[in-house]
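The structure under discussion appears below in the form of structure tokens.
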Amino acid sequence: MTPVMVGPCWQTRRHDTVCRAVRMTERHLVDVHVLLVRGTELLLSLRRSADREFDGRWHLPAGKLESNESATAGAAREAFEETGVLIEPADLRFIHTAHVVAPGRPARIGLFFVAERWSGDPVNREPDNCYELRWFSLDGLPERIIEYSAAGIRAYLGGPAYSERGWP
């Protein structure tokens with residue numbers, strides 16, 4: 001087998017890796033994603049971005065986990081920052097982990113949670129990052145969903161609880 005670069009390591013055989021020293025700054029980002037489910041509908045945001053890969057594609061309320069918060073607290077915070085809804089962290093149900101890497105971007109772990117209870121009505125609180133919020137029927141979702149968001153949605157609909165994207 002030709003050695004393949006896997007993160008900071010060279011994989012020389014299926015289970016044999018040679019790793020270089022990894023600086024502490026070379027850690028994965030952790031994202032938290034929230035599926036706001038109202039009956040048979042899911043709330044999605046139409047992403048506004050200078051990055052053509054993401055602009056005009058549907059996405060879940062999501063963002064980076066802060067160093068001083070739990071995953072559920074971070075998910076509740078992101079949902080509030082983007083949509084204005086208040087979710088109790090205890091009302092979030094974990095459904096999926098995505099391990100994602102792409103050229104030129106840091107590797108990341110995405111944690112996906114479902115909320116079926118919250119207070120407030122969703123509004124677009126980040127118009128610089130979102131064209132609009134829209135409810136979609138779970139059996140009539142749009143085609144242009146960002147792939148890692150789609151992985152979390154598939155998990156909610158009965159798909160796998162873990163996915164990888166971009167890894168060799």
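Tabulated data for the structure shown
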read-out	value
Whole-Hz couplings from phi, Karplus 6.51/-1.76/1.60, listed for the range 91-97; x for Gly and Pro	8, 8, 10, 6, 10, 7, 10
Computed lengthening from residue 109 to residue 94, 0.36 nm per intervening residue step minus Cα-Cα distance	4.0 nm
Nitroxide proxy distance, nm - points 7 Å out along Cα→Cβ at residue 143 and residue 38	2.7
Cβ-defined net charge surrounding residue 83, 10 Å radius [Lys, Arg +1; Asp, Glu -1]	-4
Dipole magnitude of the range 28-165, debye to nearest 20 (Cβ charges: Lys/Arg +1, Asp/Glu -1, about Cα centre)	280
Hydrodynamic radius of the range 48-116 per Kirkwood, over alpha carbon pairs, in Å	13.4
Nearest-0.05 FRET efficiency for residue 64 and residue 117, computed from C-beta distance (R0 22 Å)	0.35
Percentage of interatomic Cα-Cα distances in the range 35-168 larger than 21 Å	39
For the range 40-111, size of Cβ-based charge dipole, Lys and Arg +1, Asp and Glu -1, in debye	340
Likely footprinting exposure, 72, 97, fewest C-beta neighbours within 10 Å first	97, 72
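Here, each number is a calculation from the coordinates, and none is a lab measurement. In this text the structure is predicted, and so the values were computed from the model without any measurement. Neighbour counts run over all protein chains shown; Cβ positions are idealised from the backbone, glycine included.
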